[in-house]
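Novice: Please read through the structure below; I'll follow up with questions.
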Amino acid sequence: MTSNDNPAATDIFDAVVIGAGQAGLATGHHLRKAGQRFVILDAADAPGGSWKHHYRSLRLFSPARYSSLPGMAFPGDPDRYPSRDETMAYLTQYAAEQQVPIQSGSRVNEVRRRAEGVFEVHEGGRVLLARAVIAATGSFERPRMPALPGQDDFRGTLLHSLAYQSPEAFTGQRVVVVGAANSGVQIAAELAGHARVSIAARRPPSLLRQRLLGIDVHAWWSAFGLDTAEVTTWRADIFKRLHSKTGPSVLDAGIYREALASGHPDIRPMLQQFTPEGVVWADGTAEPVDAVIFATGFLPNLDYLAPLDAFDRHGAPRQKRGISTAVPGLYYVGLSYQRTYASATLRGVGPDARVVVDHLAEHLRGQKPSAEEAAPVGPRIEPVQLPA
């Protein structure tokens with residue numbers, strides 16, 4: 001039976017993949033090549049993950065030639081930096097051409113594991129059974145929002161970068177962008193053409209030249225195997241030491257360096273607190289502010305795995321190379337640094353998914369319970385309609 005067959009009510013999937021963004025789609029490609037019987041469940045109405053929520057001017061920081069998922073090259077000029085909309089179109093086309101079985105509008109509420117090792121995936125009023133579960137909801141679904149003193153009393157606009165779309169809504173305003181990584185600097189520089197903008201950060205942005213000797217930095221990283229090296233190797237340790245000294249690097253073709261040198265936007269130490277009218281800076285100066293945008297990153301959205309006791313005391317998945325060290329048969333694709341420094345990127349999820357699917361195949365060889373052994377308990381498993 002292939003992955004595109006329609007299962008009967010007592011059938012058990014080899015794997016259920018949760019999430020149809022770049023991580024889930026890459027995983028689907030490798031599962032299909034491996035002949036596994038699977039389905040991808042996604043809460044959205046179309047594949048593509050969080051890309052459609054990001055700001056309109058967002059461009060990939062890597063050229064198209066280094067931004068492809070397995071089995072399909074990113075179309076167009078390989079040396080350009082694709083836009084958000086181009087990336088969304090690519091993921092939509094990828095899902096169609098790879099013919100992976102996706103169930104859109106399917107939000108997973110929780111995943112449980114029976115004593116015999118079969119997983120119950122609870123989605124709406126259905127329960128699907130699977131011998132393995134792959135959490136591919138990635139690292140960009142849940143905004144990380146700091147809690148600063150007085151924040152709840154601030155009467156201006158307060159939002160995360162995920163809710164930011166374009167600068168026109170802030171024309172003529174006083175805006176503070178919190179965070180000096182790629183998104184924070186890019187948003188602040190864009191806003192500076194419409195508003196008076198400051199970047200508030202614990203350390204100034206660390207600008208890294210996008211091109212060295214006329215060649216994009218990703219080509220150099222690829223040549224030396226740096227950002228695709230496993231995080232335990234000496235190559236990855238070079239990246240680790242660089243990040244520990246400078247913080248996240250902002251790739252720059254010269255635009256941001258010029259903008260920061262002009263003071264539009266300017267750089268300030270991290271703000272101390274909010275007031276109803278604005279903010280208080282590190283030197284104690286209070287200033288009225290119209291809007292504060294937190295470009296402070298994201299957290300994985302893995303609440304549906306809570307019944308599995310799969311996390312450490314800090315709430316991080318207990319995993320190595322995307323393979324759960326706490327729950328046999330549970331896997332991850334798309335976590336930041338799960339295997340390499342590129343793991344959460346378009347160029348990184350494909351190799352990570354291959355590692356996971358190879359391990360999953362070994363796991364399944366000894367995990368083939370009969371339908372009677374895994375007979376459903378509780379809600380009946382409804383047939384899953386998969387594409388022909």
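The values are calculated or read from the model by the stated rules, or taken from the named source; none is laboratory data. This one's a predicted model, so the numbers in the text were calculated from it and none came from an experiment. Virtual Cβ from ideal backbone geometry, glycine too; neighbours counted across all protein chains shown. These area figures cover heavy atoms from the full protein model, side chains too; ligands, DNA and RNA do not enter into them. Shrake-Rupley method; radii C 1.70, N 1.55, O 1.52, S 1.80 Å.
Novice: What number of residues within the stretch 129-157 are within 13 Å of the chain's Cα centre (by Cα) and hydroxyl-bearing (S, T, Y)?
Specialist: Summing the residues that are within 13 Å of the chain's Cα centre (by Cα) and hydroxyl-bearing (S, T, Y) in the stretch 129-157 gives 2.
Novice: Tell me, which strands (runs of 3 or more DSSP E) lie completely within the stretch 69-177 with 2 or more residues that are open to solvent by less than 30 Å² (accessible area, probe 1.4 Å) and within 17 Å of Y55 (Cα to Cα)?
Specialist: Hits in the stretch 69-177: 157-160.
Novice: Which condition from (1) modelled with pLDDT of 95 or more; (2) in contact with a strand residue (DSSP E or B) (Cβ under 8 Å, 6 or more places away or on another chain) is the one that Y81 breaks?
Specialist: Evaluating Y81 over (1) modelled with pLDDT of 95 or more; (2) in contact with a strand residue (DSSP E or B) (Cβ under 8 Å, 6 or more places away or on another chain) leaves (1) as the failure.
Novice: Given the options P63, P47, P70, name the one that is touching a helix residue (DSSP H, G or I) at 6+ places or on another chain (Cβ under 7 Å) and either under 23 Å from G184 (Cα atoms) or hydrophobic (A, V, I, L, M, F, W, C) (or both).
Specialist: The unique qualifying residue is P63.
Novice: Among the numbered criteria (1) open to solvent by 20 Å² or more (accessible area, probe 1.4 Å); (2) over 15 Å from the mean Cα position of the chain (by Cα); (3) closer than 30 Å to L308 by Cα; (4) of a type in the set (F, W, Y), which one does Y66 miss?
Specialist: The number of the failed condition is (3).
Novice: Would you call L191 at pLDDT 95 or above and either over 17 Å from S249 (Cα atoms) or open to solvent by 30 Å² or more (accessible area, probe 1.4 Å) (or both)?
Specialist: Answer is yes for this residue.
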